[in-house]
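Below is one structure, written out as structure tokens; the observations come after it.
Since every read-out is calculated from the coordinates, none of them should be taken as a lab result. Values in this document were obtained by computation on a predicted structure and should not be read as measured data. Here the Cβ positions follow ideal geometry from the backbone for every residue, glycine too, while neighbour counts run over all protein chains shown.
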Amino acid sequence: MAQRGYAMENAERAIINTWSWWYRKQGYHKIARFDRNGRLGAPYVLYKLKNMWPPEVRAQKMHKARPITPGCAHPMASLLGLVGRAWSFIIKQIEEENCIVHTAQSVPKVLENMTRAMKADWQSERWAKRFATM
């Protein structure tokens, strides 16, 4: 892996300092700690080595790739982990076959629709049983 230069280190520190200010301004520090010693992950590409046989399929699909951005040392890793668990809980509560959220901007609308549906069904036996088993 290439060494990180002084300019890159300074730019990363500037980004982390700005994020730290914004994190506190949003009040997220009340939920999870911001790791000022965290680092920004270096993105890379992982090739999808599947469908390698027969040769006709391989020719079409061999050059597909998936961009990876590691977040293990991310300064907001604690908060991102909590958000992921919250989303997992919300998705498990949906009884539809699949739930697709295409953009981050559509999240409030999805949550409003779910809240409306939950309020309508709150008195039903289905919700009473579900929350009684938690």
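Roughly what would the spin-label model give for residue 18 and residue 104, points 7 Å off Cα along C-beta, in nm?
Each label point is offset 7 Å from its Cα along the Cβ direction, giving 1.4 nm.
Between residue 112 and residue 69, take the C-beta separation as r, use R0 = 30 Å, and let me know the FRET efficiency to the nearest 0.05. Kindly include the intermediate steps, with their values, before the conclusion.
Working: r = 30 Å, r/R0 = 0.98.
The pair residue 112/residue 69 has a calculated efficiency of 0.50.
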